[in-house]
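Asker: Can you read through this structure? Questions will come right after.
Readers should treat all values here as calculations from the given coordinates under stated rules, not as data from a laboratory. Computed from a predicted structure; not experimentally measured. So basically every Cβ, Gly included, is an ideal-geometry build from the backbone, and we count neighbours across all protein chains shown.
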Amino acid sequence: MTLKTRFTLITVVTVVLVAMAVSLAEQMRHSEMKKQFSEATVREKKMLWQALVANDLQQLVSDARLTAPPVFRKTGLYAAIQRGDRKTIQTLASGAFESLQNDIFSHMQIMDASGRTVFSSTGDISASPDRSLVNAVLRGRTFFQGMGKDSHGRPLGLVVFPLIERGQLIGAGVFASDLHHALNKFRKIESAEAFMISPSGKLEYSTREGLFAALKLDPTSITGQQETRIHKLNDRIYRVSVLPVPDHNNQPIAYLVSASDTTDSYLAQQRIQIIAYTAIVISVLLTMAGLFWYLRRSFQPLEALLETVKRLGKGDTEVRASVISHDEIGELAEAFNVMAQKIQDSIEHERQQSEDVKGKVELIMDVVSMVAEGDLTGEMMVYRERDVIAQLSEGIQSALDNLNTLVKQVQKSGIQVTSSSTEIAATARQQEATVTEQAATTSQIKTTVSEISATAKELVNTMNEVTGVAWKTSECASQGQVSLNSMAQTMQQMLDATVTIGSKLAVLNEKAGNINTVVTTITKVADQTNLLSLNAAIEAEKAGEYGVGFSVVATEIRRLADQTAVATWDIEQMVKEMQSAVSAGVMGMDKFTEEVHRGVDEVRNVGSQLAEVIEQVQILIPRFEEVNEGMQSQSLGAEQISEAMIQLSESAHQTAESLGQSHSAIEQLNRAAQGLQEGVSHFRVKA
């Protein structure tokens, strides 16, 4: 697998993992937003319901304080209660109830001072509210308003108040609302159907009973819950919210269920989610395409350099790499050009040395040719370099000097032989001993030269192997350095990218903080608007039919304020999540940046060490080659010397045989002396 393929696979895996992480984060964010929206919806509906019930109860309190006492007193109901005349109480209380009854005021009960029910508008005097409330009102002569239920468990809005005539407590009254009015207003404001369910699962109130049955809402499964659910009915989608309705003891006496048709918003949300996922997929594809293009462009100079190296390996020493960029690959190309130039210079230097050796050998051959022709006046060149050629030249010069001396002696001996046979005999004996000693010396030199030649051949083979290993080591180290330089460049680019991402995340975190400030201001304004609209609605209710229009406007303003508060709260939570995610991302990028820094430093250290190894190996290779060539020359010279010594040994043996024959006869010696004189007369010797 090539380096380019590995980087491509790493890039693809990284982009896919990032896309999966983004998709997972988007799903988690969507789930959290749905949860927050559900909680906000329940909270909004709870606030609205409490406000509507509070308005109705305030109207009942107003009737109990201002409207009811004059009516009771005028009809004589107070006097009948004091007398305990139940029949009269039934008649008078029925008339008073008919005159006071309205959309909110739907039930009335009257108790005497002992708490006993003496009148009920329903005709069932046993359907009374909690006796503890009545007793508390009778003892404290105070008003009570809140949620309660009758003896049948039906939830009601209650106002319990004392009946006082001329400072004397004569009983207690109960004004109740059956919650139809509040449910209808809740339906108008929320544009949703409302249902009231008892804790036992009985449907007590409903603005649209058919819808409750069509949605297949199981009362026993939703009581005790406070949540928002999605229900589908044919082609419509309903958001069903459930919230408890507590009494004065904060115990649930019923559950308010609202069903809103949210088909349009639900489908819009689905479209937004599809668009978001589509955007993620497109972003991933564009990112991968950009990375592929960048990797391909980054590896083009490296591939060109690799092709140049292959041409150099095939023997093209004039090839040079093109320096396209000034990054690490460009520096590598420049270093390669320097190396190629050094290789070319080294080859030229070796050629010059070969020519020098050839010239030296030609000079030696000239001197040897003169010796072969009998001219012993030749001189060998003296070289300052202590190489094999210089040693060979010195050896030949030494042999030539010895031969020159020998010829001179032979010439002198031939002249002396003609003058005295005695001297000839003595000289012959001395010459025989000298020749014998020379033959032994020549044999020793021959053996030594043979050993030198064999050792030189072994050294030549060893140096060939060492040179081959050095070349392979240099090639492997060069390839490793190319890979390390490419890796260092890529990690440096990753380091620059992580620094840029960290700075962008910091700016995003700062902008999110500014959004929080604006959201806080909007929330405060929405709260103030909500309070003002609530007060306006109360005043409009007090004004009766003259305030109906103003009440509708106030209700719409309050609904818009509630929606604004919910929206700002959602925005605030989103911004907080964004800040948390950005903070986590900054920490993760800082840690990743440190790891990349450490990796870049380690790659650079390994690259520098590998460069030193390459440099040392490249320095050794020319030296190995020089030693190899020297050893080859030394081996050749030793062989030549060995051949010369063989010839010299044969000559010495022949001379010894000739000297041995000189003892046979003086005549033969004289004739031999004359022949020797004639034989050495053609030799030219030094003066």
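Asker: At most 11 other Cβ atoms within 10 Å and a DSSP loop assignment: could you name the chymotrypsin sites (Phe, Trp or Tyr not before Pro) in the stretch 51-98 that fit?
Answerer: Those that pass, being in a loop and sparsely packed, number zero.
Asker: For the pair Ser608 and His326, what calculated FRET efficiency results from E = 1/(1 + (r/R0)^6), where r is the Cβ-Cβ distance and R0 = 22 Å, to the nearest 0.05?
Answerer: Working from the Cβ atoms, E equals 0.70.
Asker: Using the Karplus equation 6.51 cos²θ - 1.76 cosθ + 1.60 (θ = phi - 60°), what ³J(HN,Hα) coupling, rounded to whole Hz, does each residue of the stretch 14-21 give in order, writing x for Gly and Pro?
Answerer: Result, ordered by residue: 5, 5, 5, 5, 4, 4, 5, 5 Hz.
Asker: Under a point spin-label approximation (7 Å from Cα along Cα-to-Cβ), what is the Gln353-His653 distance to one decimal in nm?
Answerer: Taking the two extended label points, one gets 4.0 nm.
Asker: Quick check: the distance between the Cα centres of the stretch 37-82 and the stretch 324-352, to the nearest angstrom?
Answerer: 101
Asker: Could you sort out which of Lys188/Lys524; Lys45/Lys504; Lys524/Lys591; Lys87/Lys188; Lys87/Lys149 sit more than 32 Å apart by Cα distance in this structure?
Answerer: Long pairs (Cα-Cα over 32 Å): Lys45/Lys504; Lys524/Lys591; Lys87/Lys188.
Asker: Under 19 Å from a point placed 7 Å out from the Cα of Lys524 along the Cα-to-Cβ direction: which residues of the stretch 551-573 have their backbone N that close?
Answerer: Under 19 Å, as judged by backbone N against the label point of Lys524, lie 561-562, 564-573 of the stretch 551-573.
Asker: Measuring from label point to label point, each 7 Å out along Cα→Cβ, what is the Asp85 to Ala289 span in nm?
Answerer: 9.7
Asker: Would you please give the FRET efficiency between Leu267 and Leu24, computed as 1/(1 + (r/R0)^6) with r the Cβ-Cβ distance and R0 = 30 Å, to the nearest 0.05?
Answerer: My answer for the efficiency is 0.80.
Asker: Would you pull out the residues with amide H under 5 Å of Arg208's amide H, same chain only if 5 or more places away, H placed 1.01 Å from N?
Answerer: Counting only residues 5 or more places away or on other chains, the set is Ala194.
Asker: Between Asp590 and Thr278, what is the FRET efficiency for a Förster distance of 30 Å, r being their Cβ-Cβ separation, to the nearest 0.05?
Answerer: So, using R0 = 30 Å, E works out to roughly 0.40.
Asker: Something else now. Label the stretch 1-65 by shape, choosing from rounded, prolate and oblate, from the square roots a ≥ b ≥ c of the eigenvalues of the Cα gyration tensor; if a/c is under 1.5 it is rounded, and otherwise prolate applies when a/b is larger than b/c, oblate when it is not.
Answerer: Prolate is the answer for the stretch 1-65, as a/c is 1.5 or above and a/b outweighs b/c.
Asker: So, in nm, how far is label Asn402 from label Glu458 when the simple model puts each one 7 Å beyond its Cα toward the Cβ?
Answerer: So the two model labels end up 2.6 nm from each other.
Asker: Still on this structure, please answer the following. Which residues' amide hydrogens lie under 5 Å from the amide hydrogen of Phe105, considering only partners 5 or more residues apart or on another chain, with H built in the peptide plane?
Answerer: Those qualifying (amide H under 5 Å, at least 5 residues apart or on another chain) number zero.
Asker: To continue, here is another question. Karplus couplings for the stretch 71-77 from phi (6.51 cos²θ - 1.76 cosθ + 1.60, θ = phi - 60°), rounded to Hz, Gly and Pro as x?
Answerer: 5, 4, 6, 5, 7, x, 5
Asker: Using 0.36 nm per residue, how much length does the chain from Leu363 to Leu9 gain when fully extended, once their Cα-Cα distance is taken away? Before the final figure, lay out the partial values.
Answerer: Working: separation 354, 0.36 × 354 = 127.44 nm, distance 6.72 nm.
Answer, rounded to one decimal: 120.7 nm.
Asker: May I pose another question? Take the alpha carbon gyration tensor of the stretch 3-261, find the square roots of its eigenvalues, order them as a ≥ b ≥ c, and report rounded if a/c is under 1.5; if not, report prolate when a/b exceeds b/c, else oblate. Present the calculation step by step, with values, prior to reporting the outcome.
Answerer: Numbers: a/c = 3.83, a/b = 3.17, b/c = 1.21.
Judged from the Cα gyration tensor, the stretch 3-261 comes out prolate (a/c at least 1.5, a/b above b/c).
Asker: Taking amide H positions as placed 1.01 Å from N in the peptide plane, with prolines and chain starts having none, which residues 5 or more places from Lys149, or on another chain, fall under 5 Å of its amide H?
Answerer: Asp130, Leu156
Asker: Taking 0.36 nm per residue of sequence separation and subtracting the Cα-Cα distance, how much length would be gained by fully extending the chain between Lys35 and Ser114, in nm to one decimal?
Answerer: Length difference between fully extended and current span is 23.3 nm.
Asker: Gain in length, Glu98 to Ala304, computed as 0.36 nm per residue apart minus the alpha-carbon separation, to one decimal in nm? It would help to have the intermediate numbers written out before the result.
Answerer: On the way: separation 206, 0.36 × 206 = 74.16 nm, distance 10.38 nm.
Net length gain for the segment: 63.8 nm.
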